[in-house]
Amino acid sequence: MTAAVPFDAQMEMLESPASTAVIRTAGRLDASTASRLERVLTDARTKGSRVILLNLEGLEYISSSGLRVLLSARTQTRQAGGDVFLFALSQPVREVFDMVGFSAVFNIFDTMDQALQAASILAGK
Amino acid sequence: MDRFEAVLRTSAHIEQLTRIRDLVCTAARHTGFEGVHMNHVELAVEEACMNIINHAYARREGGYLEVQVRSERGRRLTIVLIDCGQSFDPASACTYDPSQPLEGSQQVGFGLYLMRCLMDELKFEFGVTSSEERCSGQPFNRLTMVKNL
């Protein structure tokens, strides 16, 4: 039996594009860890991030608690004229996204470069 | 037929999710589930437990939660969750519809929707307990989830 990877979320503020943060996630985003990601996302917005790029490559599991945090972050950043871009979704997370229709709601990219390009365009508006 | 059965009697608290998940995964492995299908079982059980914690017990700590697992190797996994919280009527619950815009009230109902997607059968029952159900004569909810291999 493979041990579950502990949840982790690390934020990095980018100099360019301006007002952009990258958050790298790993492990299980479930009912017991969703509040930790929520705090990191709130911290990113508090520090002035208008655009948030979420690296989901290391995220191996997501439940509805995690989905609600992502949706709430998207709503709040868009209300402030920004957005949340997701990239490098793992297969289990992509499957859940497809199930609940999030794949058609979020801007999702294969790579960080693609997400950065979209962030640059939004930052230039 | 090779069977595995186990019962976990615990409290409806988020800190119990790991114990519950471990039991369910043990049973699911016995059935023969692996990979993405194991993920489906874990997710459905977490959603069911969180509905009990957040709605049946309205996040009050200490509510009774019983998890029964029954595995028939190579055939099916049955998971039964029993709680003594507020009755749950799936017909009157908010229904998530992924074809509708994801705003406002559409942000609720993910859990039940996922459970329906991930499991082959869901049965919600509500009744008055017998002595076996440990709810001290209180009404109880019983959710039966089945996933076929």
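For the protein assembly as shown, a simple Cβ point-charge model (Lys and Arg +1, Asp and Glu -1, everything else neutral) yields a dipole of about 280 debye relative to the Cα centre. The mean accessible area for residues of chain A, using a 1.4 Å probe and ignoring ligands and nucleic acids, is 45 Å² per residue.
Buried accessible surface for the B/A pair, both sides summed and rounded to the nearest 100, is 1900 Å² with a 1.4 Å probe.
Considering the zone a paramagnetic label at A:Ser120 would reach in this model (a point 7 Å from Cα along the Cα-to-Cβ line), which residues of the stretch A:74-93 have amide N under 20 Å from it? Output list for this probe position: A:82-88. Only DSSP H runs of four or more residues enter the estimate; each adds -39500 (n - 2.57), and after division by the residues of chain B the mean residue ellipticity at 222 nm equals -9000 deg cm²/dmol. Normalised by the number of residues in the stretch A:8-123, the average gap of Cα pairs under 8 Å and 6 or more apart makes the relative contact order 27 percent. Sequence-distant contacts, meaning Cα pairs under 8 Å at least 6 residues apart, place the relative contact order of chain B at 27 percent.
Note on the stretch A:68-125: with charges restricted to the Cβ of Lys and Arg (+1) and Asp and Glu (-1), its dipole about the Cα centre is near 260 debye.
Please give the charge dipole size of the stretch B:3-148, origin at the Cα centre, charges +1 on K and R Cβ atoms and -1 on D and E Cβ atoms. Round to the nearest 20 debye.
Numbers: 16 positive and 19 negative charges, 85 e Å.
Taking the Cα centre of the stretch B:3-148 as origin, the dipole is about 400 debye.
A simple packing score, the average count of other Cβ atoms within 10 Å per residue, orders the peptides A:90-102, B:42-54 as B:42-54, A:90-102, with the highest score first. With protein chains left intact and a 1.4 Å probe, residues in chain B average 49 Å² of accessible area per residue. Taking every DSSP beta bridge that has both ends in chain A, the antiparallel portion is near 30%. When a 1.4 Å probe is rolled over the protein heavy atoms, the share of accessible surface on the protein assembly as shown that falls to carbon and sulfur comes to 47 percent.
Take each residue of peptide A:30-42, count the partner chain Cβ atoms within 10 Å of its Cβ, and average: the result is 2.
The values are calculated or read from the model by the stated rules, or taken from the named source; none is laboratory data. What you see is a predicted model; the values in this text were computed from it and never measured. Note that each Cβ is placed from the backbone with ideal geometry, even for glycine, and that neighbours are counted across all protein chains shown. Protein only, heavy atoms only, side chains kept; ligands, DNA and RNA dropped before computing areas. Shrake-Rupley method; radii C 1.70, N 1.55, O 1.52, S 1.80 Å.
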